[in-house]
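Peer 1: Here it is, the structure, as C-alpha cells.
We did not get these values from a lab; they are worked out from the coordinates using the rules stated. Worth saying up front: this structure is predicted, and the values here are computed from it rather than measured. Positions of Cβ are backbone-derived with ideal geometry, glycine not excepted, and every protein chain shown enters the neighbour counts.
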C-alpha cells in the first residue's frame, strides 16, 4: 500500500507540474479555470469501453489538461473556462482521435463552452491502429537483429510530386528483435511502405571484403616467406569498403519503387520483409578548376533524393581543388560546387550529375563559371505610414531546388537610394521575397510586399527561372495597405457554425506551394465570425471544412478537395471585403 501511495503522489506531482505554466522569473501562472464542465466515455471500434485511455483537453489561454479514463472508459473535466476546446483520446496501439473528427490524428471541430455550461454524454470512438510486421534479413538470408525500421507514408506534395515522408504519428521507429522481427503498430489508415529509419545510414562499421585473388595472394605470401629470394607482393591499392545501405520493402534503395501497402482501420499486414543490401561503398574523386584552368578551392554539395529520405552533405575541396569521397552508397548524385565572391573576385559555380556504382572510382572535373548578379530597387508606397529607413529593408532570392543564394557581404541590402544587388547567382529556379523595417508595435501597421517584377513581368509570389546569361532587373514594391476579408459562417438554420475551419486558397494552382502566404485558414469565433488580414491581390477560393490539420495546407490532394467546393472571390490589398458563408 505504501508503494502504491508513493507512486500516486509522484504521478499527481508530475501532472500538476505539467499543467502549471511558469512566468518569466519562475512565478507559476494559475491555470485558467471556470465553472463549465464536460464528461463522456471513450470506446474502441467495436463499441467497447476503452479502459485507461488518455484523454486530453486543450483550449484557449494555453489550457491543457489530461485525465485517464476509468475501467468503463469514463472521463470528466471540471472547472473549465468558457471557450473552444479540442478533446482527444489515445492509447498505445490506438492512433489519437479527437471529438468530432472523421479520421485519426485530425483536429476535429472541437466544442464551444459557455460559462457554467455542463455537457455530458460525449462519446469518443478510437478505432484500433493498423499493424505492419515482418522480418529483416541480411544479404545472405539470415535474420538481422538491431535494425531500426519505420513505416513511411506516401503523400502528394503541392508541386504534384509523389513523395514519402514521416507517418502522421511521427518519426518513431522500431528495432528488430533477436529474430530479426519488427512490428509497427498504431498506424492510421493510409498508404505506406516499410524501410529503414531516416537516421540509418549503415552499420557504422564499414568493412573491407578481400577478393578471391587477394586471399590466394595472401596464401602465396606465406609460402614465399620460406624463400628469401622471393619478391614480396605489392600492397593492394585503395581498399573497397562494404556496408549495409538503407532499403525499402522488399529490397530496393529507392523508396518510390518500393511496395505500396494500403492499410484500413485496424488491419494487420504480415510478411512485409526487408532484405538488406551489403554493397560496396563507392568512391568519387572531384577536381574543381576555374575559368583559367587553374585549381580553385570550392564548397562541394552532394545531394540525392528528395524530402526526408534525401541525403545532402557539404564538404570542400582543398587548395589544389581536389576532393575525394570514399563512402557513398550506390546511386545517382547531383554535385554542386560554389565559391563566395571576395573583393573583385566574382563567385564561381559548377554543377553535374554523377552515377557511382561498383568498385571503380568515379572521377569528375568541374569547370567553374562566373556566377551571375542581379540588381534592382525597392519602392515604398505608403498612405498612412511615413517613409521608412530604406537601408533596413532587404531583398532575398530563395532557391527552390537548392540552398538560397550564398550570403555574400551586402547581398540584398538596400542602399539609401533604394537600390540593391545580389551576387553569386547560379542557374536555377528562385522566388523573390522582401523584408521591410518594423515601424510599429506587434499587430500594428506594417509594410508588406505588394508586387515583385522581374524584367517588367509580374512575378509576385511566383518562381523565376534564371538561366546562364544576363539577369533582369528586380523591383519590389512595399505597401502599408492591408486587405481585410471578414465574414460569418452560419448553418442552414442561420445559426453560427463554430465547428468548422474556414480556408482561403488561390484559384490559380501555380500559387500552391509550401508556406505560401496566399493559403490560410482560421476558426470562426463563438458568433461564427472569421477574419483574414494581409492577403495579397488575387483571385481566391473560400471554403469551410470540419477536418483540417496543418499538413493539409501542404498537400495537393487535400487542397484539391477543399478547392472543389470553394466559392470564388477577388481581393485587393486596399479592400475591406465581407463574404458571408451559409452552409448547405
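Peer 1: What is the pair-distance distribution P(r) of segment 506-584, computed from all Cα-Cα distances in 5 Å bins starting at 0, with each bin given as a whole percent?
Peer 2: Whole-percent P(r) values from 0 Å outward: 3, 12, 26, 28, 20, 9, 1.
Peer 1: Quick one: order 302, 199 by neighbouring beta-carbon count within 10 Å, fewest to most.
Peer 2: The order, fewest Cβ neighbours first, is 199, 302.
Peer 1: Also, quick follow-up: R0 = 35 Å: FRET efficiency of residue 413 with residue 285, Cβ-based, nearest 0.05?
Peer 2: Once rounded, the FRET efficiency stands at 0.35.
Peer 1: Now for a separate question. Using packing as a proxy for protection, rank 127-136, 386-395 so that the peptide with the highest average count of other Cβ atoms within 10 Å comes first.
Peer 2: Averaged packing, sorted descending, gives the order 127-136, 386-395.
Peer 1: So for the pair residue 570, residue 66, with labels modelled 7 Å out along Cα→Cβ, what separation do we get in nm?
Peer 2: 5.2 nm
Peer 1: Going by average Cβ neighbours within 10 Å, how do the peptides 275-281, 576-582 rank, with the highest at the top?
Peer 2: 275-281, 576-582
Peer 1: For each of 474, 272, count neighbouring Cβ atoms within 10 Å of the residue's Cβ, then give the residues from fewest to most. Could you put the intermediate results ahead of the total?
Peer 2: On the way: 474 24, 272 21.
Ranked by crowding around the Cβ, least crowded first: 272, 474.
Peer 1: Test of understanding: ordering 304, 155, 533 by Cβ neighbours within 10 Å, fewest first, what list do you get? Please list the in-between numbers first.
Peer 2: Values: 304 16, 155 21, 533 11.
Ordered from fewest to most neighbouring Cβ atoms within 10 Å, 304, 155, 533 come out as 533, 304, 155.
Peer 1: In addition: Could I have the simple spin-label model distance between residue 551 and residue 486, label points 7 Å from Cα toward Cβ, reported in nm to one decimal?
Peer 2: 3.6 nm
Peer 1: In whole Å, what is the distance between the alpha-carbon centres of segment 509-584 and segment 118-160?
Peer 2: 32 Å
Peer 1: Per-residue counts of other Cβ atoms within 10 Å, averaged by peptide: what ranking do you get for 83-93, 255-265, highest first?
Peer 2: Result, highest mean Cβ count within 10 Å first: 83-93, 255-265.
Peer 1: Something else: Take the Cα atoms of the chain, find their three principal axes, and give me the spread along each one in whole Å, biggest first.
Peer 2: Principal extents (largest minus smallest coordinate, Cα): 102, 76, 50 Å.
Peer 1: Return one quarter of the surface area of the convex hull spanned by the alpha-carbon atoms of segment 372-479, equal to its mean projected area, in nm².
Peer 2: Working: hull surface 27.9 nm².
Hull-based average projected area comes out at 7.0 nm².
Peer 1: So, one more: Which three lengths, in whole Å and largest first, does segment 282-370 cover when its Cα atoms are put on their principal axes?
Peer 2: So the three principal-axis extents are 41, 29, 17 Å.
Peer 1: Now, a different point. Relative to the present Cα-Cα distance, how much length would full extension add between residue 398 and residue 375 at 0.36 nm per residue of separation?
Peer 2: Working: separation 23, 0.36 × 23 = 8.28 nm, distance 1.50 nm.
Extending this stretch completely gives an extra 6.8 nm.
Peer 1: Using only the alpha carbon atoms of segment 477-536, find the Kirkwood hydrodynamic radius as the inverse mean reciprocal pair distance, in angstroms to one decimal.
Peer 2: By the Kirkwood definition, the hydrodynamic radius is 13.0 Å.
Peer 1: Using Cα pairs closer than 8 Å and at least 6 residues apart in sequence, work out the relative contact order for the chain, in percent.
Peer 2: 9 percent
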